[in-house]
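Notes follow once the structure below has been shown.
The values are calculated or read from the model by the stated rules, or taken from the named source; none is laboratory data. Quick caveat: nothing in here was measured; it's all calculated off a predicted structure. Cβ placement follows ideal geometry from the backbone for every residue including glycine, while neighbour counts extend to all protein chains displayed. Accessible surface is based on the protein model in full, side chains and every heavy atom, while ligands, DNA and RNA are left aside. Shrake-Rupley method; radii C 1.70, N 1.55, O 1.52, S 1.80 Å.
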Amino acid sequence: MILDFIKAFSEEIKNVPDVYIDYRINVDNGKTKFQPDIFSCNSKGKPLLVIDYESPNSSDARIPSKDVKPYLKWNPQVPYIIITTLPKRPSPSWQLRYTDATNKFHKGKNEVVRENPFEYWYNFYKNELQEYEAEMKSVYFININCKETNLEMLF
């Protein structure tokens, strides 16, 4: 449902005739894959906007390595929006998934994450992306917390 909204939003932007979902971009001669949820371009194929949506309990350790770093290798001038859905409050039932693979370094930290999933993950993102701060001028994080939506600044 949120991807449908994002696609509709992207299509409403002037001069965006083409919107693709899960558009695969090969970077570094195919060594790195960047695959945003939404890829918008003009009629000549010039990229205008890319968007990724991380669903609840998926807003995790993958964002720096799977999303941001490949984007920076591809084209850091194109605006890139990453939407997360993290509570900014204690969340006793919050699940820390994929601790055997993607989130393996966070295994056993369920209680810490549940204290405030937003703070936990955004502190992690900031730490992981600190060295790229100067290159992230076109990366925008938006967090949806219940009925509140905020632009979040990492740096």
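Could you give me the residue pairs with C-beta distances under 7 Å whose first residue belongs to segment 109-121 and is touching a residue at least 40 places away in the same chain (Cβ under 8 Å), whose second residue is polar (S, T, N, Q) and open to solvent by less than 30 Å² (accessible area, probe 1.4 Å) wherever it lies, and which are 6+ apart or on separate chains?
Here the result reads 117/91; 121/59, each pair linking segment 109-121 to a residue that is polar (S, T, N, Q) and open to solvent by less than 30 Å² (accessible area, probe 1.4 Å).
Considering only residues of segment 113-138 that are of a type outside the set (Ser, Thr, Tyr) and touching a helix residue (DSSP H, G or I) at 6+ places or on another chain (Cβ under 6 Å), which is nearest to residue 72 (Cα to Cα)?
Residue satisfying both the conditions and the ranking: 135.
Could you please find all residues in segment 26-54 being surrounded by fewer than 19 Cβ atoms within 10 Å (Cβ to Cβ) and of a type in the set (Gly, Ala, Ser)?
Answer for segment 26-54, where residues must be surrounded by fewer than 19 Cβ atoms within 10 Å (Cβ to Cβ) and of a type in the set (Gly, Ala, Ser): 30, 43, 45.
Among residues belonging to segment 134-155 that are part of a loop (DSSP other than H, G, I, E, B), out of contact with any Pro (no Cβ under 8 Å at 6 or more places or on another chain) and open to solvent by less than 90 Å² (accessible area, probe 1.4 Å), point out the one that is nearest to residue 50 (Cα to Cα).
Ranking the qualifying residues of segment 134-155, first place goes to 154.
I'd like to verify a number: residues in segment 106-133 that are of a type in the set (A, V, I, L, M) and either surrounded by fewer than 16 Cβ atoms within 10 Å (Cβ to Cβ) or not in a helix (DSSP H, G or I) (or both), how many?
First, the residues of segment 106-133 that are of a type in the set (A, V, I, L, M): 112-113, 129.
Next, from what is left, pick out any that are either surrounded by fewer than 16 Cβ atoms within 10 Å (Cβ to Cβ) or not in a helix (DSSP H, G or I) (or both): 112.
Number of matching residues: 1.
Are any residues in segment 55-99 open to solvent by 10 Å² or more (accessible area, probe 1.4 Å) and either in a strand (DSSP E or B) or among the charged types (D, E, K, R) (or both), and if so, which ones?
The answer is 62, 66, 69, 73, 81, 83, 88, 89, 97.
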